[in-house]
Amino acid sequence: MPQPEPAECFISVDVETAGPVPSLYSLLSIGACLVDRPEVSFYVELAPEHEAALPAALEVSKLSMEELAQDGTHPEVAMRQFAEWVDEVTPKGERPVFVGFNAAFDWMFVADYFERHLGRNPFGHAAVDIKAYYMGKAGSTLAQSSMSELSPRYLGGSALSHNALGDARDQAALFRAILADSGAAHDA
C-alpha cells in the first residue's frame, strides 16, 4: 500500500540580487514567510560573494554592495540560519514547499546557495510558481499573470516594495487570494 504524501507547508520566498544569475552575481537578501501566517517570517541580508553588480538591480532593491560587504551576513551563516528557520516553522510530518512569484528566478539563487553552502536544500527540488498556478487556473497568458495584472484584482493595486520580506508577504497574500478564488483548500 503506497504511503500518503506528507502535508505541505507553503513558504513564500523572495530574494534581491545583484544580477540575473548566481554564477556571476550575488544573492543580497532573502525574505520568507509562511503563506498562511505571514507574520511568521525570516529576513537576512548577505555579504556579496561576487563584485559584479548591475546598477539596475541595485536601484530596484536599494541595497548597497559596499554596505553589505561590511555588514552583511556571510552566505554560509545566512543559509544555515534560513535552513534552521525553515525546519523550525515546518510542522512535524509536513514538507516545506517553496512558493514564489516568478519562482524560477528566486529558486535558482536559493537552491544554488543552499547546495554550495550547506550541501542540502530543505525545500528539495521543486517550487510552486504563483504566475504558473494563476495561468493554469485562469487559462491566461504569461503577460496576463504579471503583478501589474494581478495586483489590482487581488492586492488592491499595491506594488511590490522590492524589500525581500515585504515582497514575500505580498506574494503570500496574492497566493492565498488566488487559492481562495479558485476554491482550492489548503491547511497550513
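A few remarks follow.
- Of all accessible heavy-atom area on the chain, the percent that carbon and sulfur account for (1.4 Å): 52
- Contact order normalised by residue count of the stretch 42-127, Cα under 8 Å, 6+ apart, percent: 30
- For S29, residues with placed amide H under 5 Å, excluding near neighbours: E16, L46
- Counting only protein heavy atoms and a 1.4 Å probe, the stretch 1-155 has 50 square angstrom of accessible area per residue.
- Residue-averaged [θ]222 nm for the chain, counting only DSSP H segments that reach four residues, each worth -39500 (n - 2.57): -13000 deg cm²/dmol
- For the stretch 1-114, a Kirkwood radius taken over Cα pairs fed into Stokes-Einstein (10 °C, viscosity 1.306 mPa s) yields D = 107 µm²/s.
- Taking trypsin sites (Lys or Arg not before Pro) in DSSP loop states with no more than 15 other Cβ atoms inside 10 Å as exposed sites, the chain has its longest site-free stretch at 121-188.
- The stretch 8-51 - percent relative contact order, Cα under 8 Å, separation 6 or more: 36
- Computed over neighbours whose Cβ is under 13 Å from that of N163, the net charge equals -3, Lys and Arg +1, Asp and Glu -1.
- A convex hull fitted around the alpha carbon atoms of the stretch 1-46 yields 111 Å³ per residue.
- If the segment from S146 to L160 were pulled out straight at 0.36 nm per residue, it would be longer than the present Cα-Cα gap by 3.9 nm.
- Measuring how big the stretch 35-76 is from its alpha-carbon positions, Rg and Dmax come out at 12.8, 37 Å.
- Counted over all Cα-Cα pairs of the stretch 60-153, pairs farther apart than 17 Å make up 63 percent.
- Remark: relative contact order (the stretch 43-188) = 18 percent; criterion is Cα-Cα distance under 8 angstrom and separation of 6 or more residues.
- Environment charge at Q81 (Cβ cut-off 12 Å; Lys +1, Arg +1, Asp -1, Glu -1): -4
The values are calculated or read from the model by the stated rules, or taken from the named source; none is laboratory data. None of these values were measured; they are calculated from a predicted model. So basically every Cβ, Gly included, is an ideal-geometry build from the backbone, and we count neighbours across all protein chains shown. Only protein heavy atoms, including side chains, enter the accessible area calculation; ligands, DNA and RNA are left aside. Shrake-Rupley method; radii C 1.70, N 1.55, O 1.52, S 1.80 Å.
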